[in-house]
Amino acid sequence: MWAYLVTGIAVFALMVLVGLAMRMEQAHWVTYDPGSFYAMMTLHGSGMIVALALCGMGGLWFIMDRERPMDQGLAWSAYALIVLGVVAVILSVFPGHFGAAWTFLFPLPFVGATWPNWATGTFLIGVALVMLGWTIFCAQLLGCVLSKYGGLRGAMGWDLVFHHDAFVASGRPEPPPAAFAALITAVDGLFAAAGGMLVGVALIIHWLDPSVAIDPLWAKNLTYLFGHTFANLTIYMAIAFVYVALPRYAQREWHTSAVLAIAWWGTLLFVATAYFHHLYMDFVQPRGVQYIGEVASYLAAFPPAVVTIFGGALLIYRSRMRWTMSSMFMYAGLIGWLIGGVGALIDATIPVNVSLHNTLWVPAHFHTYLLEGVTLFVFGWIFADLEVRTGVVSSLATRWIAGLGIFGGGAVLLLGWYVAGAASVPRRYAEEPAPGPAIAAWASVGAILLIAGLIVCLIEAVRLARTRSAAATP
Ligand code: HEM
């Protein structure tokens, strides 16, 4: 777990600096050529998603390994493939200058490229290696969940929902909430990886032999099936941390109920079908799937909002809640997830999407739930572990300073994207039209405050990690 977590956090830290460098360039505080901006944007996007995925994978592997031990060799091989993939992606950008964005949308990597041909191939092979590692991880996780809870029927809680009394009378244990996160990650993850690998191999073949034709709409569907689902699953992996750790601080239990099981069935379906909202602008896409995209996007919001976020609030309400660095991050992460989710829903509404499509509204909503949601769940999990191991919790002053930086600075950074998006400033522009640069300037101040908070958080984590264990429970 720590290999995954530490690698993920290291990549995250580097990518934060790349993110700041981009925002400052858009604010005209620093100057470099647009080619470098797009190369950095490619690195930042792919690096951040993989960083959070690594953190989620490590933690989820640890949680499920306690349910039923898994083979460490397989976990290490998945890790090695992903690290190799990350190295290849870094090489494709530095020194390769590949800049077709982390979504590598066909035919972008091949048309009007300002980078050498080898950089395109290295990037594609790098992503394929990450997908391979991810596939091994998902297959292992699926094996763990199915064998522990008695096949798909048991893992999905079928009898708990439809034969409730008989299930309770049988005395069989129901899968804990985190096991649903593992099941859905594994199933949707394998589905997404299959789509991603299919288009990835096609692109690699096209790179080797450009005469092999690819249908752009086919490629876009598969690319977003993979990209959207993979990015989404970083949230669903990290939510397992909240299911396991938050109840310890609230001194209550988070039980699996029939409602929770049904909610996760919904998530299983909607996460795999919501990606169609990325293709609203593609007029040749069959009309029916545009409706599926909108409906699935809306329905995808219900399980997290009603079961996990509302459930988390109820868990804390009138409990003997202990506020520590860990519980603060996890609770704030639920709020970030909710706010970002609302921003995403607004954008997924077809008449609104006509205006907001490819504006800075998009980075606004996904940074909200990735930066102020998933990242905070990961921090919460790391601090939960440190607090349990040392029996020490951070001072109120440290929590305030870290919180002001991460939530306060983060809010300013995010607000910049929302305001600019609402003013129709396009996304992915090295040189933004007005009022983009002026907004980027004050948003950069937010990013600097956020980074200051992250540094306080890092120093505190290192301090706790170096504290001798008092073998107490926080
Ligand atoms: C200090 C924190 C961060 C800063 C300053 C930052 C900055 C940026 C900037 C300036 C962009 C380009 C937006 C545009 O103009 O279209 C961007 C894109 C992106 N960021 Fe971040 N970011 C941060 C954290 C994160 C985190 C935590 C994630 C989590 C996964 C993330 C994922 C992405 C992704 C996926 C893109 C899209 C790249 C693309 O459009 O191809 N960022 N970020």
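What the table shows:
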quantity	calculated
Whole-number percent relative contact order across the stretch 67-216, with pairs defined as alpha carbons under 8 Å at least 6 apart	27 percent
Length added when fully stretched, Ile262-Leu458, from 0.36 nm per residue minus Cα-Cα	66.8 nm
Mean Kyte hydropathy of 1.6 or more with a Cα span along the axis of at least 27 Å, helices from DSSP in the chain	72-93, 177-208, 436-466
Per residue convex hull volume, Cα atoms of the stretch 342-430, in Å³	101 Å³
Relative contact order (percent, whole number), the stretch 351-474, Cα cutoff 8 Å, 6+ residue spacing	43 percent
20 °C / 1.002 mPa s Stokes-Einstein diffusion coefficient of the chain, Kirkwood radius on C-alpha pairs, µm²/s	94 µm²/s
Where GluC sites (Glu not before Pro) in DSSP loops with at most 16 other Cβ within 10 Å are excluded, longest remaining stretch of the chain	1-252
Pairwise FRET efficiency - Arg468 versus Ile350, Cβ, R0 = 45 Å, nearest 0.05	0.20
DSSP-assigned coil residues among chymotrypsin sites (Phe, Trp or Tyr not before Pro) in the stretch 291-347, each with at most 16 further Cβ atoms within 10 Å	Tyr317, Trp323
Accessible area of the stretch 322-474 divided out per residue, in Å², using a probe of 1.4 angstrom	40 Å²
Inter-part distance where the stretch 36-113 and the stretch 293-355 are each reduced to a Cα centre, Å	26 Å
Added length on full extension, which subtracts the Cα-Cα distance from 0.36 nm per residue, Leu217 to Trp76	47.2 nm
Cα-projected label distance for Val295 with Arg428, points at 7 Å along beta-carbon direction, nm	2.9 nm
Peptide ranges 223-229, 7-13 listed from the most packed, as the mean C-beta count within 10 angstrom indicates	223-229, 7-13
Cα-centre dipole for the stretch 322-474 with unit charges at Cβ (Lys and Arg positive, Asp and Glu negative), debye to 20	480 debye
Computed [θ] at 222 nm, helices only, for the chain once each DSSP H run of length n ≥ 4 contributes -39500 (n - 2.57)	-24500 deg cm²/dmol
Square roots of five times the Cα gyration tensor eigenvalues for the stretch 233-361, Å	33, 16, 10
Carbon plus sulfur fraction of accessible area for the chain, probe 1.4 Å, in percent	72 percent
Percent RCO, i.e. relative contact order, over the chain, from Cα pairs under 8 Å lying at least 6 residues apart	15 percent
Magnitude of the charge dipole, the chain, Cβ model with Lys/Arg +1 and Asp/Glu -1, debye to 20	1120 debye
For the stretch 322-474, the Rg and Dmax computed from alpha carbons only, in angstrom	17.8, 57
Spatial separation of Cα centroids for the stretch 247-278 and the stretch 389-454, in angstrom	29 Å
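The values are calculated or read from the model by the stated rules, or taken from the named source; none is laboratory data. Being a predicted model, the structure only gives us computed values, none of them experimental. Backbone-built Cβ (ideal geometry, glycine too); neighbour counts: all protein chains shown. Note: areas computed on protein heavy atoms with side chains; ligands, DNA, RNA excluded. Shrake-Rupley method; radii C 1.70, N 1.55, O 1.52, S 1.80 Å.
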